[in-house]
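**Q** Sharing a structure with you now.
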Amino acid sequence: MLEIIGRLFRSHSDNRKSAIQNPKWLGFSIIAFVLVVAGAAALAQQAKKIPRIGYLSNIEPASDFPRSEIIRQALRELGYIEGQNIAIAYRYAEGRVDRLPALASELVRLKVDIIVVAGGGGLILAARNATKTIPIVMVGGGVDPVEAGFVESLAHPGGNVTGITNLSMKLGGKRLELLKEAVPEVRRIAVLYDPASLVTPASVREMKEVLRVAASGLGLTVQPWEVRSSNDFDKVFAAMGKQRPDGLYVSGAGAVLRANRKRVVGFALKSRLPSVYENREAVDAGGLMYYGADFAESNRRVAAYVDKILKGAKPGDLPVEQPTKFELVINLKTAKQIGVTISQSVLGRADKVIR
């Protein structure tokens, strides 16, 4: 392009006498020059660096796809089309918590403009440890970001972290209440949780401070079962079977439980245990009940944060949003399979029933 412009200037210089003698040639040369310059500007615009988003998830791509697709669709609605005017670098821990710090550091080395953290406290911590300058957008993890020290307050986050918090662990008491109301014969509830996530206090505190207190008030007994790695499930399931619980509560904290969702659901079905989950995907996979934030809506809101930050907003100035819409999802196919009848009082309040 520069060579063409140079030739045009040389041609114009060599023929300036002809240009004076021939006004038509002069007009043509000016028009050609303008077109060439406009073309060069267009090429320069095309070569302009497009924003790059880092996407960090603690599970495998296939399980994460529904969430990431909702975010991509919301971005498209705002004018950001992957592969055209925005690039996304994906990193998946596939249930291995130990991989999170390295994956977060990879995204930092790629010099992404934003890191979208698709998970809970462990991912947020890994991303924040990797960078104090690149904006980090949370995708509705269950941990309280203020208590975890990720933000100064929900209204004024400060620092480089903002986004959505679902505070799902604080809903544990409501889930136990719904499980008991749905299946009144439930008395002893096994609680499956991961105390070894990067933000250990989250799941441990839920067990000690939320579920135990709520269970006592509801006349229930909770039996805590720790799962720290994928190798623990068979041993825990065997021991849990000997205790003969009436129901199962599955925490949403920790990559191990998320990565082994189908395995947990399969155990509950085989053991004919009424189960309640902190993750909606588990009910779609065959779990009995879910109560919590409308994750589809929360995931869509992530795109708005990305848009604002790319347009110049500072993450520390963008308030952290809490969910305003909650949903109760009941899988009636599972209820039939395990031989329980859901009470009409709960069934009538369900936002979605899987038949």
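**Q** If we restrict to alpha carbons, what Rg and Dmax does segment 114-191 come to, in Å?
**A** Cα only, segment 114-191: 16.1, 52 Å (Rg, Dmax).
**Q** Can you give me the pair-distance distribution of segment 224-306, C-alpha pairs, 10 Å bins, whole percents?
**A** Each 10 Å bin holds this share of Cα pairs: 16, 48, 25, 9, 2.
**Q** Using every pair of alpha-carbon atoms in segment 78-140, split the distances into 5 Å bins beginning at 0 and state the percent of pairs per bin, rounded to integers.
**A** 3, 18, 29, 25, 14, 8, 2, 0
**Q** Could you tell me which residue out of 330, 274, 290 lies farthest along the dipole of segment 234-339 toward its positive end? Charges go on the beta carbon: Lys and Arg +1, Asp and Glu -1, centred on the Cα centre.
**A** Projecting each Cα onto the dipole axis, the largest value belongs to 274.
**Q** Using a 7 Å offset from the Cα along the Cα-to-Cβ direction at both residue 270 and residue 314, what is the distance between the two label points in nm, to one decimal?
**A** Label at residue 270, label at residue 314, 5.4 nm between them.
**Q** How much of residue 177 can a 1.4 Å solvent probe reach, expressed as accessible area in Å² and rounded to 10?
**A** 70 Å²
**Q** A 30 angstrom limit on the alpha carbon distance is what I want to check against. Which of 180/208; 174/336; 180/270; 242/352; 208/325; 132/170 exceed it?
**A** 242/352
**Q** Per-residue HN-Hα couplings for segment 344-350, Karplus 6.51 cos²θ - 1.76 cosθ + 1.60 at θ = phi - 60°, whole Hz, x for Gly and Pro?
**A** Whole-Hz 3J(HN,Hα) from phi for segment 344-350: 5, 4, 7, 4, x, 9, 5.
**Q** Grab every C-alpha pair in segment 297-354, bin the distances at 10 angstrom width from 0 up to the longest one, and report whole percents.
**A** Calculated P(r), rounded to whole percents: 18, 31, 17, 18, 13, 2.
**Q** I've got another one for you. I'd like the distance between the alpha-carbon centres of segment 64-124 and segment 326-355, rounded to an integer number of Å.
**A** 33 Å
**Q** Can I ask one more? Using a 1.4 Å probe on the protein heavy atoms, what percent of the accessible area of segment 180-309 belongs to carbon and sulfur?
**A** 48 percent
The values are calculated or read from the model by the stated rules, or taken from the named source; none is laboratory data. Because the structure is a prediction, the values reported are computed rather than measured. Ideal geometry is used to build each Cβ from the backbone, glycine not excepted, and the neighbour counts take in all protein chains shown. Ligands, DNA and RNA are excluded from the accessible area calculation, which covers all protein heavy atoms including side chains. Shrake-Rupley method; radii C 1.70, N 1.55, O 1.52, S 1.80 Å.
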